[in-house]
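Notes follow the structure.
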Amino acid sequence: MYRNDCSTLASSYRTFNYCDTMTTFALMVLGAPASSQCPQTALTFARAAIDAGHRVLRVFFFHDGVHCGSNLLVPPADQHSVAMHWSELAAQQNIDLVVCVASALKRGIVDAAESRRYDKAANNLHAGFELSGLGQWVDACINADRVVTFGP
Amino acid sequence: MTRKHFLVVCRRPPYGESFAREAIDVAMAAAAFDQQVALLFLGDGVLQLINRQDGAAISQKSFEKQLSALPLYDVNTIYIDSDALDKRKLSASDLSLPVTLLNRDEITALLSRSDFALNF
């Protein structure tokens with residue numbers, strides 16, 4: 001999805017689904033906060049879909065999107081960290097937030113287990129996220145009604 | 001397990017950024033889960049398929065080598081935008097894998113019949 005109005009798009013799913021059951025979504029985020037709009041666009045889309053009565057099954061953070069899961073981000077004073085927004089929404093709505101382990105390790109995003117495994121001095125994965133493999137993304141695609149990728 | 005039609009859309013050049021590599025990883029992961037996988041190369045994405053690449057010149061692995069793993073995962077359905085190929089003065093004989101050339105209408109039909117498109 002590139003610079004679309006996500007609220008409009010999610011509303012169109014509501015129209016599409018007007019007399020039907022809810023739609024489940026799997027979302028992929030490919031861009032990093034601060035350098036790309038796409039983490040925010042995906043968040044706006046997820047909120048709009050949920051407000052319209054749909055469900056977000058899993059969000060998969062891939063490529064530079066893994067930076068969304070860092071608990072070391074320091075956003076400007078008037079903005080909240082994207083990791084915090086995602087983890088709050090995920091906790092309320094029971095959404096899996098999965099950070100691709102291969103993409104994450106290459107970019108210095110590690111949880112406690114990977115930090116120990118690779119003998120690193122620290123870990124920085126936000127508590128609301130988990131590291132896992134591409135299998136989790138394929139599984140989400142198989143089980144969701146709709147799949148949307150958010151790229152820079 | 002449910003079997004879905006995964007269409008991986010490859011729009012980026014093979015070097016200078018890593019979207020192309022990540023897209024191939026996704027295609028291979030889906031194939032490993034016994035899904036029906038097809039690749040569609042659009043725009044600068046067609047450059048990924050050029051044969052006799054030399055990644056070593058910029059200290060990178062050749063992208064051609066990564067693509068050559070696709071048949072091992074039984075990913076053999078590769079579509080390419082024929083207009084994008086023409087615009088870059090390329091033909092099927094310049095490519096490292098056998099491809100099916102598609103025009104605009106055929107690309108639209110492919111997108112419609114896939115369960116979803118993963119856009120890289």
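For region B:84-120, how many residues are assigned to a loop (DSSP other than H, G, I, E, B), more than 14 Å from every other protein chain (Cβ to nearest Cβ) and within 15 Å of the chain's Cα centre (by Cα)? Please lay out each step first, then the result.
Just the residues of region B:84-120 that are assigned to a loop (DSSP other than H, G, I, E, B), to begin with: B:88-91, B:96-99, B:103, B:114-115, B:120.
Checking which are more than 14 Å from every other protein chain (Cβ to nearest Cβ) leaves us with B:88-91, B:96-99, B:103.
With the extra rule that they be within 15 Å of the chain's Cα centre (by Cα), the set shrinks to B:96-99.
Summing the residues that are assigned to a loop (DSSP other than H, G, I, E, B), more than 14 Å from every other protein chain (Cβ to nearest Cβ) and within 15 Å of the chain's Cα centre (by Cα) in region B:84-120 gives 4.
Residues of region B:39-56 being among the small types (Gly, Ala, Ser) and either surrounded by fewer than 19 Cβ atoms within 10 Å (Cβ to Cβ) or in a loop (DSSP other than H, G, I, E, B) (or both), which ones?
Here is the first cut: in region B:39-56, the residues among the small types (Gly, Ala, Ser) are B:43, B:45, B:55-56.
Residues satisfying the conditions are B:GLY43, B:GLY55, B:ALA56.
Just one of the numbered conditions (1) more than 11 Å from chain A (Cβ to nearest Cβ); (2) out of contact with any helix residue (DSSP H, G or I) (no Cβ under 8 Å at 6 or more places or on another chain) is not true of B:ASP81; which one?
Failing condition for B:ASP81: (2).
Out of all the residues in region A:70-93, is one or more among the hydrophobic types (A, V, I, L, M, F, W, C), within 14 Å of chain B (Cβ to nearest Cβ) and assigned to a helix (DSSP H, G or I)?
No, there is no match, as no residue in region A:70-93 is among the hydrophobic types (A, V, I, L, M, F, W, C), within 14 Å of chain B (Cβ to nearest Cβ) and assigned to a helix (DSSP H, G or I).
Please tell me if B:VAL8 is assigned to a strand (DSSP E or B), within 10 Å of B:PHE120 (Cβ to Cβ) and more than 9 Å from chain A (Cβ to nearest Cβ).
Against the criterion (assigned to a strand (DSSP E or B), within 10 Å of B:PHE120 (Cβ to Cβ) and more than 9 Å from chain A (Cβ to nearest Cβ)), B:VAL8 qualifies.
Give me the pairs: first residue in region B:29-55 and on the phi > 0 side of the Ramachandran plot, second residue at pLDDT 95 or above, beta-carbon distance under 7 Å, and six or more apart or on different chains, which are they?
B:GLY43/B:ARG11; B:GLY43/B:ALA84
Right, A:ALA48: assigned to a helix (DSSP H, G or I), of a type in the set (Gly, Ala, Ser) and within 14 Å of chain B (Cβ to nearest Cβ) or not?
No; evaluated as a whole, the condition is false for this residue.
Looking only at region B:78-93, decide whether some residue is modelled with pLDDT under 95, surrounded by 13 or more Cβ atoms within 10 Å (Cβ to Cβ) and not small (Gly, Ala, Ser).
no
When you look at A:PRO152, is it within 14 Å of chain B (Cβ to nearest Cβ), in a loop (DSSP other than H, G, I, E, B) and of a type outside the set (Gly, Ala, Ser), yes or no?
Numbers: within 14 Å of chain B (Cβ to nearest Cβ): yes; in a loop (DSSP other than H, G, I, E, B): yes; of a type outside the set (Gly, Ala, Ser): yes.
Against the criterion (within 14 Å of chain B (Cβ to nearest Cβ), in a loop (DSSP other than H, G, I, E, B) and of a type outside the set (Gly, Ala, Ser)), A:PRO152 qualifies.
Take A:GLY135 and decide whether it is over 25 Å from B:ASP34 (Cα atoms) and within 12 Å of chain B (Cβ to nearest Cβ).
No; evaluated as a whole, the condition is false for this residue.
This table checks each residue for (1) closer than 30 Å to B:ARG113 by Cα; (2) free of Cβ contacts under 8 Å to residues at least 40 places away in the same chain; (3) within 14 Å of another protein chain (Cβ to nearest Cβ).
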| residue | (1), (2), (3) |
| --- | --- |
| A:ARG55 | yes, yes, no |
| A:VAL59 | yes, yes, no |
| A:VAL98 | yes, no, yes |
| A:ALA113 | no, yes, no |
| A:GLU130 | no, yes, no |
| A:ALA144 | yes, no, yes |
| A:VAL147 | yes, no, yes |
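Kindly indicate the residue of region B:57-68 that is assigned to a loop (DSSP other than H, G, I, E, B) and in contact with a helix residue (DSSP H, G or I) (Cβ under 7 Å, 6 or more places away or on another chain) and also surrounded by the most Cβ atoms within 10 Å (Cβ to Cβ) among those meeting that condition.
Checking each candidate, the answer is B:SER62.
Sort out which residues of region A:94-120 are among the acidic types (Asp, Glu) and either surrounded by 14 or more Cβ atoms within 10 Å (Cβ to Cβ) or in a strand (DSSP E or B) (or both), and write them in order of number.
Listed by number, the residues that qualify are A:ASP96, A:ASP111, A:GLU114.
Within the bounds of region A:121-139, is there any residue that is under 27 Å from B:ARG3 (Cβ atoms), touching a Leu at 6+ places or on another chain (Cβ under 6 Å) and in a strand (DSSP E or B)?
No, because not a single residue in region A:121-139 is under 27 Å from B:ARG3 (Cβ atoms), touching a Leu at 6+ places or on another chain (Cβ under 6 Å) and in a strand (DSSP E or B).
The values are calculated or read from the model by the stated rules, or taken from the named source; none is laboratory data. What you see is a predicted model; the values in this text were computed from it and never measured. A quick note on method: Cβ atoms are made from the backbone with ideal geometry, for glycine too, and the neighbour counts reach across all protein chains shown.
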